[in-house]
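See structure below.
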Amino acid sequence: MRIVHYLIYSLWWLLSLLPLWVHYLLSDLIYLLVYRVAHYRVRVVRKNIEESFPEKSADEQRAVERGFYHWFCDYLVESVKLMTMSERQMRRRLVFRGTEVVDEVVSQGQSCAVYLGHYCNWEWITSLPLWVTPKAQCGQIYHVLENAEFDKLFLKLRQRFGAVCIPMAETPRRLIKYRQQGQPVIIGYISDQVPFWNNIHHWCQFLNHDTPVLTGTERLARQTGHAVFYLDVRRLRRGYYEAEFQLISREPKQMADFAITDEYFRRLEASIRREPACYLWSHNRWKRTREEFNLRYDPQTGRVDIISSVEELKQRKAEKPDETAENDMPTIVKQPNS
């Protein structure tokens, strides 16, 4: 396996040495293969765009669709290029705004939680240490990849500018350790993923959908007292981005439950509506509906059935018609061990 790792790493490294204009030529070719030939996840992309923007005409929706595949292929080659981009080139291609507010927060001994989404190029955001005070340790929460060799590769890629990758399962422990050491941190959270059935605690309106959302970032910010920011990313033109820090709250404990999460999704939607092609539409983000959740949720035990099929759940519900009706299901569900 070590040989495989070095082989993959060497090929990636050699490819990354190509200038970006060559990468974008490759991106145009990949676009034709992925979109025009393979039709990669076109049904999911089209469904998501149509349901998110019903006010747009069919032609406008198809324009967003084509723009998405162009951007997505650019994202792929830009991520490859990241392996050998110099600090000077990185600072020219991605400019951070509002870092003086972050530095002020850190200078006062407070850490920062930064919300972002699968929008524009989130891999390049790992260059943040080039822009903020060295007093803070930058990092990002990530899912460990199933393929160990690719996991090692992406760790090297994402940590090359000084940020650290923190596995999601280790997040609370690592944050506590940093606090005990007196080390301020700036941690990025991509929080627009689909929660598992038994991790749904809140729903909000997002892109014209009733959406189950992750609330762990808000919970961690409250527990640690981290200042909360939203990172508003813009694609200025091909290969050039700007990311602006927007302060949501320096006192997350003072905000109402789920207010931070709702504000994050409100701001993320505003970013997406500004340039919808740069969002990751290929994920089946709305595959979990409130109707199915209500079938899986047992109001008597507060538990969620993640094993039974929908047909089994409907049959069980029909056999017990006196239990809580679906439309009586509360919007917020606080589960055991949440």
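The values are calculated or read from the model by the stated rules, or taken from the named source; none is laboratory data. Model, not experiment: these values are computed from the prediction. Glycine also receives a Cβ, built like all others from the backbone with ideal geometry; neighbour counts cover every protein chain displayed. Each accessible area value is taken on the protein alone, full model and side chains, heavy atoms only, with ligands, DNA and RNA left out. Shrake-Rupley method; radii C 1.70, N 1.55, O 1.52, S 1.80 Å.
Observations on the structure shown:
- Selected residue [surrounded by fewer than 21 Cβ atoms within 10 Å (Cβ to Cβ), closer than 30 Å to L20 by Cα and modelled with pLDDT of 95 or more] from R174, R219, R235: R235
- Some residue of region 67-89 being more than 27 Å from I8 (Cα to Cα) and not aromatic (F, W, Y): yes
- Entirely in region 1-106, the helices (runs of 4 or more DSSP H) that have 2 or more residues that are touching an Asp or Glu at 6+ places or on another chain (Cβ under 6 Å) and open to solvent by 90 Å² or more (accessible area, probe 1.4 Å): none
- Pair list, Cβ under 6 Å, 6 or more apart: region 36-54 residue farther than 13 Å from F206 by Cα, other residue open to solvent by less than 80 Å² (accessible area, probe 1.4 Å) and basic (K, R): none
- Taken over region 119-131, the residue count meeting the criterion of being aliphatic (A, V, I, L, M) and open to solvent by 50 Å² or more (accessible area, probe 1.4 Å) is 0.
- Only listed residue being open to solvent by 90 Å² or more (accessible area, probe 1.4 Å) and modelled with pLDDT of 95 or more, chosen from R316, R267, R273, R250: R273
- Inter-residue pairs, beta-carbon under 6 Å, first acidic (D, E) and in region 303-320, second assigned to a helix (DSSP H, G or I) and surrounded by 13 or more Cβ atoms within 10 Å (Cβ to Cβ), 6+ apart: D305/R296
- Some residue of region 256-265 being touching an Asp or Glu at 6+ places or on another chain (Cβ under 9 Å), in a loop (DSSP other than H, G, I, E, B), touching a residue at least 24 places away in the same chain (Cβ under 8 Å) and over 30 Å from K56 (Cα atoms): yes
- Within region 108-130, residues that are over 16 Å from F265 (Cβ atoms) have Cβ atoms under 6 Å from residues that are of a type in the set (D, E, K, R) and part of a strand (DSSP E or B) in these pairs: C120/R235, counting only partners at least 6 apart in sequence or on another chain.
- Counting only strands (runs of 3 or more DSSP E) that sit completely within region 176-248, those holding 2 or more residues that are under 30 Å from V80 (Cα atoms) correspond to 185-190, 227-237.
- Number of positions in region 278-307 that are open to solvent by 20 Å² or more (accessible area, probe 1.4 Å) and under 21 Å from Y75 (Cα atoms): 2
- Members of region 107-118 that are in contact with a helix residue (DSSP H, G or I) (Cβ under 8 Å, 6 or more places away or on another chain) and open to solvent by less than 10 Å² (accessible area, probe 1.4 Å): C112, A113, Y115, G117
- Which listed residue, of E87, E78, is modelled with pLDDT of 95 or more and over 20 Å from the mean Cα position of the chain (by Cα): E87
- Residues of region 132-165 classified as open to solvent by 50 Å² or more (accessible area, probe 1.4 Å) and part of a loop (DSSP other than H, G, I, E, B), total: 8
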